[in-house]
There are 2 protein chains.
Amino acid sequence: MISQNIKVAVDAVVFGYVERQLQLLLIKQKYGSEKNKWALPGGFVLDHEDLDTAVTRELKEETGITLAYLEQLYTFGAVKRDNRQRVVSIAYLGLINPKKFKLTASTDALEVGWFAIDALPPLAFDHQEIVAKGLERLQNKISYKPIGFELLNTEFPFSNIENLYQTILNKPIDRRNFRKKLMSFGILEETDKISKPESGRPAKLFRFNTKKYKALEQKGFHFEIKFA
Amino acid sequence: MISQNIKVAVDAVVFGYVERQLQLLLIKQKYGSEKNKWALPGGFVLDHEDLDTAVTRELKEETGITLAYLEQLYTFGAVKRDNRQRVVSIAYLGLINPKKFKLTASTDALEVGWFAIDALPPLAFDHQEIVAKGLERLQNKISYKPIGFELLNTEFPFSNIENLYQTILNKPIDRRNFRKKLMSFGILEETDKISKPESGRPAKLFRFNTKKYKALEQKGFHFEIKFA
DNA sequence: CATATTTTGCGTTTAAACAACACAAAATTA
DNA sequence: TAATTTTGTGTTGTTTAAACGCAAAATATG
């Protein structure tokens, strides 16, 4: 067998959405050459664990969070991306509603925090590039997969999903056409509850019906939202 | 630093298109537990080389081929995907016109060959899964990126690209609508040459204008072909 | 208490894109 | 000379997208 000296790591680009802001989960490095810099949660893969298991474990350890949505993003393997040694990192994209977990820094991390995506601190290694890739994936994917709901409460006023799309895509969309289109899919069900907003008129609460979506998908249905 | 015993490899899912058939490039393993089984070209990454460099090198070494198109596909890292030891493999998707290279097996490969995608031999490791992922990516991507041309000659009759789409998507498409749509983009230019078919009427030869496409893309143009 | 403000919740009209479909002309083969 | 294969256009009805306007329900304001 060949002799090879490459380490394998995983990193997670985890997005949250709070108060009309897209946020990114970061930790402050405790050790290493990039000590005290903010970085993506992640770490080395154990010999006996699968890649997604490794991300899940690291996230739990470093931030206390368990994701609602996780998918492999891209693998970063440039020779000099880490100056200490050769590290190939498999990046994952994760989504979570930040309200569902309290952040708890621990083992490898001094601090943990949510940062507005458009006001990130300087990041360690090539993590800026990884985040860019993650954001790009998210922006593309919400147009053809209903993953945006992972970022919201189970029950939400329609304006929430509408604002979420505008925030993530960073452009205005027509409320009326958006609502018509989304409702036409039949994957949102109306609850009998009403929101109590801080200002303005109360709104019906909706719920994303995962079962219905899966069933439709099975029948060849293809979620897709286009924007003017 | 953590002690870790994982090897990093790359594998290539390389597609070719010949005579209305989608083909896959395979090599017959010379060594190892999967000796004499067919497998994807690939191998271990050297400590000092980037991932895409590694794929390119391995492909050249094992098959003599240099790709026209290459993109990262997905990373496969299940603990037991290789029974000898832990190997994480970054898979790449490649496209080439098989006519452009003569296959030359060498160092690590007993034989090299093109196989019709719907008549593959049993594959080593989890390579079947990797191929499935590659095919899925190809099928999706030709709908929104003009990568199909990488599989054709520089100059080709229109029916070639039309048949290519039907073959890859494995379903019939309406010739008239397809042609109208594709021509409307203005990224195909007509040459003054005429094909000499083996049967039927001669046809104008077209050429994909990469420059024009890149320019349009810059201006926000989005290649997309939908099918009835 | 009346009025302004915010936000919700529809609905219409026009333009563009898609889907479905037919037939004649240019070559080769029989 | 006729049959076969393949090319190369159209047209029309249907669906979807784009661009709009406005009234009602609540809260905030003076």
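Chain A packed on chain B takes about 2600 Å² of accessible surface away from a 1.4 Å probe, both sides summed. From its DSSP helices (H runs of at least four residues, each -39,500 (n - 2.57)), chain A gives a residue-normalised ellipticity at 222 nm of -8000 deg cm²/dmol. Cα centroids of segment B:199-228 and segment A:5-39: 41 Å apart.
Rounded to the nearest 20, the Cβ-based charge dipole of chain B about its Cα centre (Lys and Arg +1, Asp and Glu -1) stands at 780 debye. Computed from Cα positions, the angle between helix B:175-184 and the longest principal axis of chain B comes to roughly 90 degrees. Among B:PHE156, B:ALA132, B:GLY94, pick out the residue whose Cα is farthest towards the positive end of the charge dipole of chain B, where Lys and Arg carry +1 and Asp and Glu carry -1 on C-beta, about the Cα centre. Of the listed residues, the answer is B:PHE156. Computed from point charges on the beta carbon alone (+1 for Lys and Arg, -1 for Asp and Glu), the dipole magnitude for segment A:73-155 about its Cα centre is near 220 Debye. Phi-derived couplings, Karplus 6.51 cos²θ - 1.76 cosθ + 1.60 at θ = phi - 60°, listed residue by residue for segment B:84-89: 6, 6, 6, 10, 9, 10 Hz, with x used for Gly and Pro.
DSSP bridge analysis restricted to the protein assembly as shown gives an antiparallel fraction near 75%, rounded to the nearest 5. Dividing the mean sequence gap of close Cα pairs (under 8 Å, 6+ apart) by how many residues segment B:148-218 holds gives a relative contact order of 34 percent. The charge dipole of segment B:148-218, taken about its Cα centre with unit charges on the Cβ of Lys, Arg, Asp and Glu (plus for the first two, minus for the last two), comes to roughly 220 debye.
Between the Cα long axis of helix A:158-169 and the first principal axis of chain A there is an angle of about 40°, rounded to the nearest 10.
The values are calculated or read from the model by the stated rules, or taken from the named source; none is laboratory data. Everything numeric in this text was worked out from a predicted model, so none of it was measured. With ideal geometry, Cβ positions are generated from the backbone for all residues, glycine too; neighbour counts draw on all protein chains shown. For accessibility, only protein heavy atoms count, side chains too; no ligands or nucleic acids. Shrake-Rupley method; radii C 1.70, N 1.55, O 1.52, S 1.80 Å.
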